Amino acid sequence: MMVMKMLMMRITLLCLALPCLANTCTTARDPARISVAGGSLTEILYRLGAEKQIVAVDSTSNYPPEASKLPSIGYIRNISAEGILSLYPTLILGEDDIGPPAVLAQVHAMGIDIEILTEEHSAQGIIDKIRCIGSIIGESGKANELIKQFMLPRIDELNILTKKGRLANKKILFILSLQAGSPIVGGTGTSAGGLIRMTGSSNAMADVAGWKATSTEAIISAAPDFIVISRRGLNTFGELDEMRLHPALRFTPAAKAGNIVVMDGMQMLGFGPRTLDAAVTLSRRFSSTKP
Amino acid sequence: MRVIAHKAAKVKNLSANQTLTLISLLVFAVAIATLACASGSFDISLWAIVQGQASALENNVFMQIRVPRVLLSGFVGASLGLSGAALQGLFRNPLADPGLIGVSAGAALGAAIVIVLGSRFGVGATLGAFLLPMAAISGAALVILLLYILTSGFGYQGVTYMLLVGIAVNALASVGIGILTYISSDSELRGLTFWTMGSFGGVTWALLVPALLLITAALLAMVPAARALDLLQLGEIEASRLGIDVGRLRYRVIFAAAVAVGASVSLSGMIGFVGLVIPHLVRIVGGVHHCYLLPGSAMAGAGLMIAADLIARTVIQPAELPVGLITSAIGSPFFLWLIFRMKKL
């Protein structure tokens, strides 16, 4: 109910900002040439077999690997009006951080359809995204098939792994990267927080809102059982052993027990279908150790 | 007295070299503007537009996206270049820059407030594209007001104080931006970062026309100060004895520059080094007289800014680079060279 209300509010706001670019999830006038901004949307289009309709992707669309061979419209928050129009798209599909708004308004004024999908960091959010894209490109059947074949089995597995809240006492610390000596951690309201919720465990940094640099003391007192980090994030520490012995982390239970999980960042935080795989893998890992 | 007046009249005339330079700069600016109108990631034939054979989409892209963008970059370049030249003259300091009086920092603070706090209250969405430039220009106006109040007590030797007040205002605004940066969400932070790198993308006629009027008025107010700025180079006391009202000159230049820079920055974001570097380039080519330097800096600024934006939007098409990145990438090595040159002297 709450979620629905927030969704409606966001849609209303979007409507006010631009001549209504809200996500209506209705079939587009012409989905023949799609320009995509958002890695999860690109993944879903590929899984729906609509990859031939994609004319351009943004820099976060790195999965499947062949998607990065398509023309790039650059970073999702910094698209160029002329650049995107030069590919003659008939439809622009974007995650909700697509921007800047002024450029979107320009492109929309040229008569190009823009559909912005709201982001919801949960398994249901991914299912909604698939459904929505399915109806926009007129492939609802394939979308339902994808949900049945890919999503539901993984959700079932997650439900079994997290049954009766058995992972709820596991405290997970998600680190984005190391910046100027302090780790940037994912707090409440971040995609990392959503991923941790999906795994049935609890966020060690629930007191923090957003992505924040944290002090060594805060990390030690949070006492995480597991540390999750992306491959790119690990590179900011160096090798896994260097991370384990990093002054900010070495006194945590996770670092002492060597419970550091490294995974592809876009897979974990992109909230496309493959994020479910990430959640299942993490849940399995969290339940493999004794409490 | 008559001797001075006679000499003044002689100095005021531009030399043949300077006239030639001004004409070539104008030709350069017009040529680069035409080239910029003709090129971009969207393939448009200028000839087809002129003949009316272009498709509706081509016409729209040309008139609604490309032309406003070229105009804006030209005017912003002119305003930064001319303001830089006038401020360097006023402060008698070759390292003065429009950013120095704190106006761009004020504009940045206004923009940061909208980018970070706007989305929390929903106001950022309601007013859409208008709110950000409005906030930026209010920030700039606030700084202008602050400068006026804080410096009104100083006599004609007050230029140094004004400079120091500018530095202090800059620091104050940075604190505000720092706090906003800290509380910003991931996407707000990215928005902020991109704003501070500058871009001419997303400009519409409705935003462009008021800004162009403000910039034009401010630039026209600065050009007649050229002669007084020349005399000011002798020193403030000397200029004052030669009949220059240094106090009035100071207000005229600073407030005109503040309006020009505020209006520019509100639409383009922060664009570094143009105001600093352009006047030096123009001085190297044709000399230091402000009658030549002020219009020359405006034209060179316009031409180079249009060129920088052309690079920004075509080099990695269909994506684009922030234009401030390009001007700073060219400007900072030049700045270093300036410093080393000064050390030798």
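Scanning the stretch A:94-108 for residues that are in contact (Cβ under 8 Å) with a residue 60 or more places away in the chain and facing chain B (nearest Cβ under 7 Å), which turns out farthest from B:Val67 (Cα to Cα)?
Step by step, filter the stretch A:94-108, then rank; the result is A:Pro101.
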Residues of the stretch A:99-149 being of a type in the set (Lys, Arg) and in contact with a Phe, Trp or Tyr (Cβ under 9 Å, 6 or more places away or on another chain), which ones?
A:Lys129
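Suppose we keep only residues that are among the polar types (S, T, N, Q) and within 11 Å of chain A (Cβ to nearest Cβ) within the stretch B:313-338. Which one would you say is surrounded by the fewest Cβ atoms within 10 Å (Cβ to Cβ)?
Applying the first criterion (among the polar types (S, T, N, Q)) to the stretch B:313-338 yields B:314, B:317, B:327-328, B:332.
Cutting the leftovers down to within 11 Å of chain A (Cβ to nearest Cβ) gives us B:314, B:317.
Working: B:Thr314: 18, B:Gln317: 20.
Looking at the filtered set, the residue picked out is B:Thr314.
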In the set B:Gly102, B:Gly77, the lone residue that is within 15 Å of B:Gly262 (Cα to Cα), touching a helix residue (DSSP H, G or I) at 6+ places or on another chain (Cβ under 9 Å) and modelled with pLDDT under 90 is B:Gly102
Restricting the search to the stretch A:216-232, which residues are surrounded by fewer than 21 Cβ atoms within 10 Å (Cβ to Cβ) and touching a helix residue (DSSP H, G or I) at 6+ places or on another chain (Cβ under 7 Å)?
A:Ala223, A:Arg231, A:Arg232
Which residue out of A:Leu178, A:Leu195, A:Leu173, A:Leu249 is over 18 Å from the mean Cα position of the chain (by Cα), surrounded by 20 or more Cβ atoms within 10 Å (Cβ to Cβ) and closer than 25 Å to B:Glu188 by Cα?
A:Leu178
Can you say whether A:Leu161 is surrounded by 17 or more Cβ atoms within 10 Å (Cβ to Cβ) and modelled with pLDDT of 95 or more, as far as the supplied structure shows?
no
Can you tell me which residue within the stretch A:64-93, out of those that are more than 8 Å from chain B (Cβ to nearest Cβ) and in contact with a Phe, Trp or Tyr (Cβ under 8 Å, 6 or more places away or on another chain), is surrounded by the most Cβ atoms within 10 Å (Cβ to Cβ)?
A:Ala67
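For (1) modelled with pLDDT of 95 or more; (2) within 26 Å of A:Phe150 (Cα to Cα); (3) in a loop (DSSP other than H, G, I, E, B), each residue gets a yes or a no:
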| residue | (1), (2), (3) |
| --- | --- |
| A:Leu178 | no, no, no |
| A:Pro183 | no, no, no |
| A:Asp207 | no, no, yes |
| A:Pro247 | no, no, yes |
| A:Phe251 | no, no, yes |
| A:Ala255 | no, no, no |
| A:Met266 | no, yes, no |
| A:Lys290 | no, no, yes |
What tally of residues in the stretch A:109-122 results from selecting those that are facing chain B (nearest Cβ under 8 Å) and hydrophobic (A, V, I, L, M, F, W, C)?
2
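Among the residues of the stretch A:54-63, how many are of a type outside the set (Val, Ile, Thr) and within 12 Å of chain B (Cβ to nearest Cβ)?
At the first step, the residues of the stretch A:54-63 found to be of a type outside the set (Val, Ile, Thr) are A:56, A:58-59, A:61-63.
Retained after the next criterion (residues that are within 12 Å of chain B (Cβ to nearest Cβ)): A:56, A:58-59.
Total satisfying the criteria: 3.
Go through the stretch B:229-245 and report how many residues are in a loop (DSSP other than H, G, I, E, B) and under 29 Å from the mean Cα position of the chain (by Cα).
Applying the first criterion (in a loop (DSSP other than H, G, I, E, B)) to the stretch B:229-245 yields B:233-235, B:242-245.
Subset that is under 29 Å from the mean Cα position of the chain (by Cα): B:233-235, B:244-245.
Result for the stretch B:229-245: 5.
The values are calculated or read from the model by the stated rules, or taken from the named source; none is laboratory data. Since the model is a prediction, treat every value here as computed from it, not as a measurement. Reconstructed Cβ throughout: ideal geometry from the backbone, glycine too, with neighbour counts over all protein chains shown.
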